[in-house]
1. Counting only protein heavy atoms and a 1.4 Å probe, tell me what percentage of the chain's accessible area is made up of carbon and sulfur.
2. If each of ARG131 and SER55 carries a label point 7 Å out from its Cα toward its Cβ, how far apart are those two points in nm?
3. As an exercise, use a Förster radius of 25 Å and the Cβ-Cβ distance of ARG348 and ASP230 to find the FRET efficiency, rounded to the nearest 0.05.
4. Given a 1.4 angstrom probe, what's the average accessible area per residue across the range 203-352, in square angstrom?
5. How long are the semi-axes of the equivalent ellipsoid of the range 108-264, defined as square roots of 5 times the Cα gyration tensor eigenvalues? Whole Å, largest first.
6. How long are the semi-axes of the equivalent ellipsoid of the chain, defined as square roots of 5 times the Cα gyration tensor eigenvalues? Whole Å, largest first.
7. Listed highest first by mean packing, meaning other Cβ atoms within 10 Å per residue, what order do 324-335, 58-69, 139-150 come in?
8. Excluding residues on the same chain fewer than 8 positions from LYS9, give the lysines whose Cα lies under 18 Å from its Cα.
Amino acid sequence: MITFEQVTKRYGDQTVAVDGLDLTIASGELTVLVGPSGCGKTTTLRMINRLEPASAGRIAIDDRAIDSLDAMTLRRGIGYVMQHSGLFPHRSVFDNIATVPRLLGWKKPAVQERVHRLIETVGLSPSLATRYPHQLSGGQQQRVGVARALAADPPILLMDEPFAAVDPIVRRRLQDELLDLQARLQKTIVFVTHDIDEAIRLGDRIAIFAVGGRLAQFDTPRNLLAAPADDFVADFLGRDRELKRLALLDVRQAPRMHAPPLVDNDRAVPEAKESTVHDWVVVHDNAGRLLGWRHRGASALQPFTDTVSPTTALDRVLAAALRSPIGVVPVVDDDGCLDGLIGPAELRKALA
Ligand SMILES: Nc1ncnc2c1ncn2[C@@H]1O[C@H](COP(=O)(O)OP(=O)(O)O)[C@@H](O)[C@H]1O
Ligand SMILES: [Mg+2]
């Protein structure tokens, strides 16, 4: 657990970079610091490993004030990943990753084993070990940066815009890999970004900072999107806030259409019994398996282009509903049985 109590950082020219910060970062969680450029994210991060001293207030790790530790001891427990990997250009990948274990005086075989294990952990090919940083792609460099930060197995990992300089496709892959890594390693990660989408994808909790180093809101992505504290936060989350909320929910959290016009194909259903509210019916067989839909009174069955499962995210359900000629999407469970219909009205209820 990392705690900030009334922490302020004033630089020499009187710029207030962080203003009276109270924040508790839980162990084993990925906490994202997000906000516009210049709002004090990097400063906050660098105060944790004392690369910047705080001007006022108290920072503690597991209730021990960081000032009570010597800087070497403190930093041994903290890995640090920067935007431009910060790799040593004249050292090979292997030597970069081996930096901290060697500083700590590990024996050669232990260093070897650790470096090779980490190269695998971050998804790099072992053949890259002898390359130099300039012979790597941006994504590969960032992976080496993460491996180097993890080398001494620190409980805390600080990451300052680590994926900002790579293209969107590689960034997405690196994000997935980080989530995967975190599921296995359960580090206390403090991750800085200015990209709200990245924050929502990665964060267990998100701290939104405003210019002037003020913490505007600190909560889970779901809670932030459901209830932004003020106009600044709402604005920062974006006008598509509802779509972002849908992306964090799945079909299990949405109701099904009430009294859907369903027809069992194997039974003769009189026209009068069919829905008069909708001009279509959804057809299933007598085992409950989806067959398609047809216009009321017509006999020609049409297939659905999209069906969704109980674990489909609701933003994808919305897209499927917009594509559907009848405006609703059938939910098909793992046994292939029809589990109701979802349309825009049900999505609205899921957000309510
Ligand atoms: N070494 C420094 N000296 C003076 N001002 C600084 C220094 N580093 C950062 N600042 C200022 O402090 C504020 C916060 O900077 P920073 O923490 O880097 O923000 P962010 O990472 O959110 O972009 C900015 O106004 C920046 O110009
Ligand atoms: Mg920064």
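The values are calculated or read from the model by the stated rules, or taken from the named source; none is laboratory data. All figures in this text were calculated on a predicted structure; none of them were measured in a lab. Quick reminder, even Gly has a Cβ in these numbers, built from the backbone with ideal geometry, and neighbours come from all protein chains shown. Protein only, heavy atoms only, side chains kept; ligands, DNA and RNA dropped before computing areas. Shrake-Rupley method; radii C 1.70, N 1.55, O 1.52, S 1.80 Å.
1. About 50 percent, which is the carbon plus sulfur part of the accessible surface.
2. If labels sit at ARG131 and SER55, their model points lie 4.4 nm apart.
3. The calculated FRET efficiency here is 0.55.
4. Accessible area per residue: 53 Å².
5. For the range 108-264, the ellipsoid semi-axes come out as 36, 22, 15 Å.
6. In descending order, the three semi-axes are 50, 26, 16 Å.
7. Per-residue mean Cβ counts within 10 Å order the peptides as 139-150, 324-335, 58-69.
8. LYS41
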